[in-house]
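Laboratory data are not the source of any read-out in this text; all were calculated from the coordinates shown. Note that the structure is a prediction, hence the values are computed from the model and not measured. All Cβ positions, glycine included, derive from the backbone under ideal geometry; neighbour counts span all protein chains shown.
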Amino acid sequence: MKLIAIDMDGTLLNSAGRVTAENAAAIKQAQAQGIEVVIATGRTYYTASGPLREADLRIPIICLNGADVRDQDGRQLTRIPLDASLFLEVDQACQEHGVHLEVCTNEGIYSKSKEKSLQIRLDIAQSANEQADEERVRRQFADYIASGYLRWTDHFQPLLDRGIDIYKLLLFSLDQEALAHVKHTFIACEAFCITSSAHHNLEINHRDAQKGIALERWAAKRGIDMSEVVAIGDNLNDLSMLQKAGRSVAMGNAEEEVKRICHWVTKTNNEHGVAYAIREMLQNV
């Protein structure tokens, strides 16, 4: 084992959105033994780097499913934007089916409705039974706006006209049928990779912006064979890296499809499952 790739939501982070002391200590133990650790997440660099800093962890991050790759100091190493013209077709389909769309760009995340962006976050937290009260969700939302991370626009076309990079499209709805309609519309599009990190969303990236592809490239640049790579994840947007890694570990709270394809299942994200998995593997190094 020379490289460990770890997802964030539902994996490294607990239900409160934090890296536990146990998980942080296990990662540092692996690093101290010369094992490289990389985060592979659907999150933007902004939302991924915060919890890592709080846990005093310096780790490279494969962000936005591989569309934006950063070193441990936040310097961008790779960018894979979407074809802007196809994005407008997705926007139209979302409008037709009442699906909320947020656009992850090199400037932050853009949405057409502040009210809808907040409400969808409140609905998601409630439906997921997260250990987060409404006030915490509202406070985090306000922080995102104050920082410029969340931005608003009446129309997306002006963003495209000035050459903005679009890294990922986030589609949200608690209506599974609406999401299925949009997915069906674009599932055959060869330019897209469509996946999901939760029951209430779809994530659309460039076909080359996948965690598995990004992890494979990361390992190759360091002369690490994929047989020496461990990947830990919980949801469908982790499948590509779990399938490519020499050893794949599913969280105890992972989707059943993820558990079926993995070599081993660890404890849940609220039971420090990442720490448990790392320490079990270090015993055999």
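Whole-Hz Karplus ³J(HN,Hα) for segment 179-185, in order, using 6.51 cos²θ - 1.76 cosθ + 1.60 and θ = phi - 60°, x for Gly and Pro?
4, 5, 4, 5, 4, 4, 5
Arrange the following residues from fewest to most other Cβ atoms within 10 Å of their Cβ: Cys63, Cys104, Cys193. Display every interim value, and only then the final one.
Values: Cys63 30, Cys104 26, Cys193 23.
Taking fewest neighbouring Cβ atoms as first place, the list is Cys193, Cys104, Cys63.
Please work out the ratio of the alpha-carbon Rg of segment 23-78 to 2.2 N^0.38 Å and round it to two decimals.
Working: Rg = 10.9 Å, N = 56, 2.2 N^0.38 = 10.2 Å.
Expressed relative to 2.2 N^0.38 Å, the Cα Rg reads 1.07.
Would you mind checking segment 231-270 for residues with the amide N under 17 Å from a putative spin-label position 7 Å along Cα→C-beta of Asp225?
It comes to 231, 244-248, nothing else.
Percentage of Cα-Cα pair distances in the chain greater than 26 Å, rounded to whole percent?
Working: 16337 of 40470 pairs.
I get 40 percent for the Cα pairs in the chain exceeding 26 Å.
Using the Kirkwood formula on the Cα atoms of segment 84-206, what hydrodynamic radius do you get, in angstrom to one decimal? Mind showing how you got there, number by number?
Details: mean 1/r = 0.0665 Å⁻¹.
With all distinct Cα pairs of segment 84-206 included, I get 15.0 Å.
What is the order of Trp264, Trp218, Trp152, fewest Cβ neighbours within 10 Å to most?
Fewest-to-most ranking of Trp264, Trp218, Trp152: Trp152, Trp264, Trp218.
With only alpha-carbon atoms counted, please give the Rg and Dmax of segment 138-285, in Å.
That works out to 18.3, 55 Å for Rg and Dmax.
Could you put Asp56, Asp71 in order, starting from the residue whose Cβ has the fewest other Cβ atoms within 10 Å? All intermediate terms of the calculation are to be shown ahead of the outcome.
On the way: Asp56 10, Asp71 13.
By the 10 Å Cβ count, ascending: Asp56, Asp71.
Could you give the alpha-carbon Rg of segment 137-198 over 2.2 N^0.38 Å, rounded to two decimals? Mind showing how you got there, number by number?
Details: Rg = 14.9 Å, N = 62, 2.2 N^0.38 = 10.6 Å.
Cα Rg divided by the expected 2.2 N^0.38 Å: 1.41.
Give me the one-decimal nm value for the distance between modelled label points at Asn106 and Ala25, 7 Å along each residue's Cα-to-Cβ direction.
Result: 4.3 nm between the two label points.
Need the full-extension length gain, Ala191 to Asp71, defined as separation in residues times 0.36 nm minus the C-alpha distance. One decimal, nm. Provide the component values of the computation, followed by the final result.
Working: separation 120, 0.36 × 120 = 43.20 nm, distance 2.66 nm.
Gain in length upon complete extension: 40.5 nm.
Quote to one decimal, in nm, the extra length available between Asp165 and His199 on full extension: 0.36 nm per residue of separation minus the C-alpha distance between them.
Values: separation 34, 0.36 × 34 = 12.24 nm, distance 2.68 nm.
Here the answer is 9.6 nm.
Assuming 0.36 nm per residue, please report the length gained on full extension of the stretch Glu134 to Arg207 beyond their Cα-Cα distance.
So the extension gain works out to 22.7 nm.
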